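Participant: Take a look at the following structure, please.
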Amino acid sequence: MLNCKSTLQRLALFTFVICLFALAVGGDHSLARSERTFVFHHENVLGTSLELKINAPTLAEAEKAEAAALTEIDRNAKILSAYDPNSEFSRWVKTSNQPTPVSPELFEVLNLFQQWHDRTNGALDAAAETVGRVWKAAAQQQRLPAPAELDAAVQTVRQQHWQLDPANHTATRLSNAPLALNS
């Protein structure tokens, strides 16, 4: 088991540190008198809406912090996105039964998914999309999924999807189930 903070926790911490930096670079270190809260709205960031609230002495400093936060989000998306065919995760998903070197971020997220899968007795599973696809296909045909379809999908989800090798920092894709790290 890895003893490190998750990528999402690091992203939140990074954003917090950037906000603190934005506050500290102002000429007046009396935070109560010099800071303001700047709010930035973005659509379609990781497929959803994003609101950033940044405390900074000036709009320019807040915009610098906003840019840094968005850059870090984009960097992580290029690693972890199941929707970007060029992301590291999407490229790794196309491998099969071969140990593949992966970035520290992807290794950590796969490890955390594995831990939470175990802790939740399988309630959190990166292959949950398998069941969703059965329901979508049935809906397109204006019917409910057959019990056999659902059973087969559940069996696919219950497979082990990857194996991690901490010594070599590799991940081996073990199943052909569709995977996504957005649960």
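Participant: Using a simple spin-label model with points 7 Å from Cα along the Cα→Cβ vector, what separation in nm is obtained for residue 84 and residue 155?
Facilitator: In this crude spin-label approximation the distance works out to 3.7 nm.
Participant: Mind computing the radius of gyration and Dmax over the alpha-carbon atoms of the stretch 59-142? Å is fine for both.
Facilitator: Every Cα atom of the stretch 59-142 included, Rg and Dmax give 17.2, 53 Å.
Participant: Can you tell me the FRET efficiency between residue 95 and residue 70 if r is taken as the Cβ-Cβ distance and R0 is 25 Å, rounded to the nearest 0.05?
Facilitator: Here the calculated transfer efficiency is 0.25.
Participant: Report the full-extension gain for the segment residue 36 to residue 165: residue separation times 0.36 nm, less the Cα-Cα distance, to one decimal in nm.
Facilitator: Residue separation times 0.36 nm, minus the Cα-Cα distance, leaves 41.7 nm.
Participant: Among 130-137, 60-67, what's the highest-first ranking by average C-beta atoms within 10 angstrom per residue?
Facilitator: Going from most to least packed, we get 60-67, 130-137.
Participant: Next up: Looking at the stretch 101-145, I'd like the Rg to Rh ratio, where Rg is from alpha-carbon atoms and Rh is Kirkwood's inverse mean 1/r.
Facilitator: Radius of gyration over Kirkwood radius for the stretch 101-145 works out to 1.21.
Participant: Using only Cα atoms, what is the ratio of the radius of gyration of the stretch 140-183 to 2.2 N^0.38 Å?
Facilitator: Against the empirical 2.2 N^0.38 Å value, I get 1.61 for the stretch 140-183.
Participant: For the stretch 106-183, report the % of Cα-Cα distances exceeding 18 Å.
Facilitator: Of all Cα-Cα distances in the stretch 106-183, 45 percent exceed 18 Å.
Participant: Send over the per residue convex hull volume for the stretch 24-183, Cα only, as a whole number of Å³.
Facilitator: For the stretch 24-183, the hull spanned by Cα atoms encloses 172 Å³ per residue.
Any read-out appearing in this document is the output of simple, stated calculations on the displayed coordinates, not a laboratory observation. Computed from a predicted model, the values in this text were never measured in an experiment. Glycine gets a Cβ as well: all are built from the backbone with ideal geometry, and neighbour counts include every protein chain shown.
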